[in-house]
Amino acid sequence: MLNQRLEKELNKQLNRELFSSYLYMSMGAYFQSVDLLGFSNWMHIQAQEELSHAQKFYHFINERGGRVILESIEKPETDWDNTLNAFEDTLKHEKYITSSINDLVTAANEEKDYATQIFLQWFVTEQVEEEASVNEIINKLRLMKDAPGAIFMLDRELAQRQFNAPAEEA
Ligand code: FEO
């Protein structure tokens with residue numbers, strides 16, 4: 001059974017994951033508006049992944065006898081200056097999510113809730129991968145310095161990204 005502190009903190013993280021999905025959907029719409037459909041695809045897949053993260057929290061809270069409370073989702077930004085700016089914001093957001101996951105791990109340790117600690121391990125690993133993949137795109141964009149041909153090639157590469165649902169047991 002979850003204690004009240006962890007129930008509240010896990011619900012807050014559920015909301016953050018839903019906001020993440022909303023933010024990346026908004027970035028997807030921005031990229032669509034500037035005809036970068038591969039970048040838009042990458043963001044839509046990212047939004048789907050975030051929704052699946054939110055669902056993991058939703059099911060875990062229920063499984064542990066807690067109560068899911070859905071709160072309002074903040075309005076995301078709608079415009080960015082360019083592709084690099086959008087991905088820099090993505091990295092900034094992922095770093096914030098990483099620190100919130102780390103805070104949750106600390107809370108689970110303090111409460112000696114071993115099941116929550118194990119549940120959170122998947123997210124600790126996931127955040128390392130998320131930050132690394134966004135960093136890789138930022139590095140490419142910095143090297144390109146807005147060269148249209150290079151942006152077009154990266155757009156084609158990002159169009160290949162597909163959604164892989166996280167494993168059920170994870
Ligand atoms: Fe669910 Fe991008 O962290």
Under 9 Å between Cβ atoms, at least 6 apart or on separate chains: pull out the pairs that start in segment 106-123 with a residue that is under 12 Å from PHE60 (Cβ atoms) and at pLDDT 95 or above and end on any residue that is open to solvent by less than 10 Å² (accessible area, probe 1.4 Å) and hydroxyl-bearing (Ser, Thr, Tyr). ALA108/THR116
Residues of segment 71-93 satisfying the condition of being more than 16 Å from the ligand (Cβ to nearest atom) and surrounded by 15 or more Cβ atoms within 10 Å (Cβ to Cβ): TRP80, THR83, LEU84
In segment 48-65, anything open to solvent by less than 50 Å² (accessible area, probe 1.4 Å) and either closer than 26 Å to ALA147 by Cβ or over 14 Å from the mean Cα position of the chain (by Cα) (or both) is listed as PHE60, ILE61, ARG64, GLY65
Given the residues VAL124, VAL34, VAL105, VAL68, which is the only one that is farther than 30 Å from ASN3 by Cα, open to solvent by less than 80 Å² (accessible area, probe 1.4 Å) and of a type in the set (Val, Ile, Thr)? VAL34
Residues that are buried (at least 16 other Cβ atoms within 10 Å of the Cβ) and within 16 Å of the ligand (Cβ to nearest atom), drawn from segment 108-121: PHE119, LEU120
Boolean, GLY28 is free of Cβ contacts under 8 Å to residues at least 24 places away in the same chain and either surrounded by 19 or more Cβ atoms within 10 Å (Cβ to Cβ) or closer than 21 Å to ALA165 by Cα (or both): yes
Qualifying residue in segment 158-169 (condition: surrounded by 11 or more Cβ atoms within 10 Å (Cβ to Cβ), more than 15 Å from the ligand (Cβ to nearest atom) and assigned to a helix (DSSP H, G or I)): yes
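The values are calculated or read from the model by the stated rules, or taken from the named source; none is laboratory data. Predicted, not measured: the structure shown is a model, and the values here were computed from it. Positions of Cβ are generated from backbone atoms using ideal geometry, with glycine treated the same way; all protein chains shown enter the neighbour counts. Keep in mind that these areas ignore ligands, DNA and RNA; they rest on the heavy atoms of the full protein, side chains included. Shrake-Rupley method; radii C 1.70, N 1.55, O 1.52, S 1.80 Å.
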